[in-house]
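Colleague: Let me begin by handing over the structure; questions about it come next.
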Amino acid sequence: MKKTWLIVDDSRVIRGIARGILHDLGFETDEAEDGKQALAACVKHMPDAVLLDWNMPVMNGIEFLRELRTMPNGTSPKVFFCTTENDMSHITEALESGADEFIMKPFDAEILTSKLALQGLA
Amino acid sequence: MKDEVFTFLARLLREQSGLALPRDKEYLLESRLAPVARRHGHVDIDAMYLAIRNGQNRAIERDIVEAMTTNESFFFRDAATFETFRKAVLPTLLGARAHTKTLRVWFAACSSGQEPYSVAMIFEEERARLGGWTVDMVATDISNEMIQRSRDGLYSHFEAQRGLPIQMLAKYFDKEDQGWRVKGFLRERIKFRPFNLLDSHVSLGAFDIIFCRNVLIYFDLATKREILDRMSRQMARDGVLFLGGAETVIGVSDKFLPHPGHAGIFVPAQPVALDRAVGQ
């Protein structure tokens, strides 16, 4: 069975790029525009992995991640932050909040593939 | 590209670097040498050839060799190799060297430095087991430009993300305006120096571990054999040689044997060394 990614980003363009790369790599995808929508999606179906933007309306990425990790089975998805907020303080905060990987935008298929391999998802 | 230009460049590369360039790799010459030609004020490769065919422009020749021998590299390339290094090779060698507490590692074609820095990060992660040890890391490349890049330890946004776990980036790199730079203490642990694999290896001394991954594929059989023979003379009897996952010594050199179960890992061709090198 194909693994499922939840792509959480308020940019339709970024979601489209990520969706294309992940489909090419053989994954199924679901999408959410903000943290709140993403939490609802996780209640419905816990994904295998989450590609997560930082700055989003309604609920940002860090707030979503902290909520996710308290949900039943919420520790199971691999969470990849994917953001332009790429200074060391953001990276540290993401890791301390339970992120597994951190992708700095802009990114390409090679970066995403190599990060997937690091997490045993490739 | 005219035959005479290709023949001249192929001979130049073979003589100065050992690089074997078959005709079907002409596109590589075109793509990598066009920028070199422009940098030296020539409209194209043919024009550059006219300026160097009498062997009177060493600077252009050096740039041609550098451009053709530079390989793409990224951190922890072929992750399984580094796992094997950390979990099998390193513990065995630490046991075997417990009396001298010294390890010497050679990165024979370090390109822009990602491979030696990957291993340096592993040594740092294992520092609890390395108290009182001297780990001597020597990284060489034929390209002066690559050696300088390696010493600088500065990687672009894209390079810093390829293969490098974010936890490692956070621990061992500083962010700068131009990208991510390896922390000074890690850069200082590696001696980077230009070196041509066709030259005598004696001056480098003896090594316990040699990384020479995805390099020999560019050489013809006789040159591969010569390089492996020279490496075998610089390697401890229970040392370990890392080649690329798709590379082998079989049919090339009888100085090394493949280690069963570990693609791309080889040990000196002596039974004692095989047993002691990578314990099962």
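The values are calculated or read from the model by the stated rules, or taken from the named source; none is laboratory data. The structure presented is a predicted model; accordingly, all values stated were derived computationally and were not measured. Because the Cβ atoms are built from the backbone with ideal geometry, glycine has one as well, and the counts that use them run over all protein chains shown.
Colleague: B:ASP199 fails exactly one of the following numbered conditions: (1) away from every other protein chain (no Cβ under 14 Å); (2) touching a Gly at 6+ places or on another chain (Cβ under 6 Å). What is the number of that condition?
Modeller: With respect to (1) away from every other protein chain (no Cβ under 14 Å); (2) touching a Gly at 6+ places or on another chain (Cβ under 6 Å), B:ASP199 is out only on (2).
Colleague: Taking A:VAL79 as the residue in question, decide whether it is buried (at least 21 other Cβ atoms within 10 Å of the Cβ), among the β-branched types (Val, Ile, Thr) and not in a loop (DSSP other than H, G, I, E, B).
Modeller: yes
Colleague: Shifting gears a bit: Only one of (1) surrounded by 15 or more Cβ atoms within 10 Å (Cβ to Cβ); (2) in a helix (DSSP H, G or I) fails for B:PRO35. Which number is that?
Modeller: (1)
Colleague: Return the only residue of B:ALA236, B:ALA269 being hydrophobic (A, V, I, L, M, F, W, C) and surrounded by fewer than 19 Cβ atoms within 10 Å (Cβ to Cβ).
Modeller: Just one listed residue meets the conditions, B:ALA269.
Colleague: Scan the range B:93-115 for residues that are in a loop (DSSP other than H, G, I, E, B) and closer than 14 Å to B:GLY153 by Cβ and jot them down.
Modeller: B:CYS110, B:SER111, B:SER112, B:GLY113, listed by residue number.
Colleague: Just name the residue that is surrounded by the most Cβ atoms within 10 Å (Cβ to Cβ) out of those in the range A:98-122 that are in a loop (DSSP other than H, G, I, E, B), of a type in the set (A, V, I, L, M) and in contact with a strand residue (DSSP E or B) (Cβ under 9 Å, 6 or more places away or on another chain).
Modeller: A:ALA99
Condition check ((1) outside the structural domain of B:THR92 (by TED's automatic domain parsing); (2) surrounded by fewer than 14 Cβ atoms within 10 Å (Cβ to Cβ); (3) modelled with pLDDT of 95 or more) across all residues:
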{"site": "B:TYR172", "(1), (2), (3)": "no, no, yes"}
{"site": "B:ASP177", "(1), (2), (3)": "no, yes, no"}
{"site": "B:HIS201", "(1), (2), (3)": "no, no, no"}
{"site": "B:ASP208", "(1), (2), (3)": "no, no, yes"}
{"site": "B:PHE211", "(1), (2), (3)": "no, no, yes"}
{"site": "B:PHE219", "(1), (2), (3)": "no, no, no"}
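Colleague: For the range B:126-136, check the following and say yes or no: at least one residue is touching a strand residue (DSSP E or B) at 6+ places or on another chain (Cβ under 9 Å), away from chain A (no Cβ under 14 Å) and touching a residue at least 60 places away in the same chain (Cβ under 8 Å).
Modeller: No, that holds for no residue.
Colleague: Ok, one more. Which one of these does A:ASP87 not meet: (1) within 11 Å of chain B (Cβ to nearest Cβ); (2) under 15 Å from the mean Cα position of the chain (by Cα)?
Modeller: Only one criterion is unmet by A:ASP87, namely (2).
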